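A.B. asks: This is the structure I have questions about; it appears just below.
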Amino acid sequence: MNQTAEKFIRNPDMAKEEYIELIKCADDPEAVQALREEAVRVRKRYYGDKVYTRGLIEFTNYCRNNCYYCGIGRRNLHVRRYRLTKEEILECCRKGYELGFRTFVLQGGEDLWYTDKRMAEIIRAVRERYPDCAITLSLGERSYESYRLFKEAGADRYLLRHETANEEHYRKLHPPDMNLVVRKLCLSDLKLLGYQVGAGFMVGSPGQTVDCLAEDLVYLKELQPHMVGIGPFIPHHDTIFAEEKAGSVELTLFLLSIIRILLPKVLLPATTALGTLAPDGREKGLRAGANVVMPNLSPLENRKQYELYDHKNCTGEEAAECIGSLRRQVEASGYRLVSERGDAEV
Ligand code: SAM
């Protein structure tokens with residue numbers, strides 16, 4: 001077997017230089033297969049054949065930020081903006097609960113219309129109505145005090161991808177008013193407050209090198225998040241990265257296997273971006289070590305408006321209403337979709 005892969009399987013706790021060598025094995029089919037098989041063994045040891053579902057509610061596409069890669073940044077004047085009311089969000093949850101979802105993910109741009117008070121009210125309402133469900137937030141950077149209030153109101157988990165652990169690369173992806181130090185501080189605040197925390201990054205974002213990816217692995221190892229979201233970068237026509245190449249599906253799958261081995265109990269979604277770039281991307285993700293899917297529960301009329309990148313999937317198996325065909329797809333991959341909160345094993 002490929003020696004670097006073998007060494008990593010024996011002891012995943014490696015130095016950055018060794019991760020660089022490991023990532024370079026992405027074009028060695030033997031290494032890819034060995035790591036995929038080990039990743040599947042590890043995920044089965046902790047999660048058996050279960051695949052958890054999260055109902056994704058994209059509740060606002062207003063954003064105060066201008067991340068260079070993202071289609072809903074505030075500079076994009078072509079976006080028709082929307083915000084969901086508390087009642088609309090509750091209606092998404094009602095629909096989701098009926099379909100069997102026991103985790104709701106409230107995701108949005110950084111929209112300060114949702115003040116701490118408004119946000120806490122929404123969280124409290126969902127918590128009261130669905131005491132048996134997990135509430136995951138993904139609303140970007142806020143203060144320690146805001147995160148504390150949201151936790152008190154009933155939120156359980158928080159997704160905040162670090163995007164890249166390399167300072168220089170972070171500056172290539174974001175305008176000067178955004179800062180990797182702040183991003184990392186938010187993640188450590190969230191951990192301190194007792195959230196189940198999700199970090200993550202795009203694969204193949206402009207300027208990303210093998211070095212950057214190795215730093216991402218080192219950072220994940222240090223942070224020990226409960227969840228990791230990774231998906232290929234996909235260009236959006238209204239951004240400065242419109243002409244850049246999309247990330248590679250194969251490299252994303254390879255990294256999913258590595259992350260599963262590095263953090264054995266991690267909750268790892270086969271992301272929408274992966275399913276958008278390859279028609280069978282999601283099944284391949286599950287076969288590479290992923291154990292979570294996040295179908296879209298947003299109101300149908302708003303789905304097209306939450307366009308982070310071109311051709312983002314929001315119908316078919318990506319849509320919560322099509323959970324039946326998603327279930328068949330998951331079963332065809334040898335797994336089983338379950339209706340549980342799906343907390344991280346600790
Ligand atoms: N505003 C919140 C935040 O910043 O964490 C949550 C919403 S944000 C749009 C969700 C994620 O979408 C980002 O963390 C980023 O990794 C991903 N994303 C944005 N643009 C993308 C693109 N062009 N290709 C792939 N993923 C993208």
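The values are calculated or read from the model by the stated rules, or taken from the named source; none is laboratory data. What you see is a predicted model; the values in this text were computed from it and never measured. Every residue, glycine among them, receives a Cβ derived from its backbone with ideal geometry; neighbour counts consider all protein chains shown. Accessible surface is based on the protein model in full, side chains and every heavy atom, while ligands, DNA and RNA are left aside. Shrake-Rupley method; radii C 1.70, N 1.55, O 1.52, S 1.80 Å.
A.B. asks: Full-extension gain between T85 and E331, please, as 0.36 nm times their residue separation minus the C-alpha to C-alpha distance.
C.D. replies: Details: separation 246, 0.36 × 246 = 88.56 nm, distance 3.58 nm.
Extra length from T85 to E331 when fully extended: 85.0 nm.
A.B. asks: Top mean-square fluctuation among L277, L99, L253, Gaussian network model of the chain, C-alpha springs under 10 Å?
C.D. replies: Judging by the Gaussian network model, the answer is L99.
A.B. asks: Taking a cut-off of 17 Å between Cα atoms, list the aspartates and glutamates near K245, but don't count ones fewer than 8 places away on the same chain.
C.D. replies: List returned: D310.
A.B. asks: Shifting gears a bit: With a 1.4 Å probe and all protein chains left in place, how much of the accessible area of region 84-177 comes from carbon and sulfur atoms, in whole percent?
C.D. replies: Details: 1990 of 3970 Å².
The C+S portion of the solvent-accessible surface of region 84-177 is 50 percent.
A.B. asks: Relative to the first principal axis of the alpha-carbon coordinates of the chain, what is the inclination of helix 323-332, with its axis defined by its Cα atoms, in degrees from 0 to 90 and to the nearest 10?
C.D. replies: Helix 323-332 sits roughly 10 degrees off the main axis of the chain.
A.B. asks: Mean-square fluctuation check for the chain, GNM, Cα pairs under 10 Å: which of V197, V79, V292 is largest?
C.D. replies: V79
A.B. asks: If you line up the long axis of helix 210-223 against the longest principal axis of the chain, both from Cα atoms, how many degrees apart are they, to the nearest 10?
C.D. replies: Helix 210-223 and the main axis of the chain meet at about 70 degrees.
A.B. asks: Report the extension gain between E321 and K16 in nm, rounded to one decimal, defined as 0.36 nm multiplied by the number of residues separating them, less their alpha carbon distance. Mind showing how you got there, number by number?
C.D. replies: Numbers: separation 305, 0.36 × 305 = 109.80 nm, distance 4.29 nm.
The E321-K16 span can extend by a further 105.5 nm.
A.B. asks: Taking the simple approach of a point 7 Å from Cα along Cα-to-Cβ for both R94 and D177, what is their distance in nm?
C.D. replies: Here the modelled spin labels are 3.8 nm apart.
A.B. asks: Which whole-number value in Å² is the accessible area per residue of region 215-346, probe 1.4 Å? Before the final figure, lay out each step's value.
C.D. replies: Working: 4900 Å² over 132 residues.
That works out to 37 Å² per residue.
A.B. asks: Under a plain spin-label model, where a point goes 7 Å from the Cα along Cα-to-Cβ, how far apart in nm are R64 and E110?
C.D. replies: Using points 7 Å along Cα→Cβ, the separation is 0.7 nm.
A.B. asks: Additional query: Could you tell me which chymotrypsin sites (Phe, Trp or Tyr not before Pro) in region 58-130 are loop residues by DSSP with no more than 14 other beta carbons within 10 angstrom of their beta carbon? If you can, show how the numbers build up before the last one.
C.D. replies: Details: sites: F59, Y62, Y68, Y69, Y82, Y97, F101, F104, W113, Y114; in loops: Y62, Y68, Y69, Y82, F101, W113, Y114.
Those satisfying the criteria are W113.
A.B. asks: Can you pull out the cysteines in the chain that have no other Cys Cβ under 4.7 Å?
C.D. replies: C25, C63, C92, C93, C133, C186, C212, C314, C322, each lacking another Cys Cβ under 4.7 Å.
A.B. asks: Show me the trypsin sites (Lys or Arg not before Pro) within region 1-86 that DSSP assigns to loop and that have at most 10 other Cβ atoms within 10 Å of their Cβ. The partial results should precede the final answer.
C.D. replies: Values: sites: K7, R10, K16, K24, R36, R41, R43, K44, R45, K50, R54, R64, R74, R75, R80, R81, R83, K86; in loops: R54, R64, R74, R75, R80, R81.
Answer by residue number: R80.
A.B. asks: Once label points are set 7 Å from the Cα along Cα→Cβ at both A344 and E152, what is their separation, rounded to one decimal in nm?
C.D. replies: 2.4
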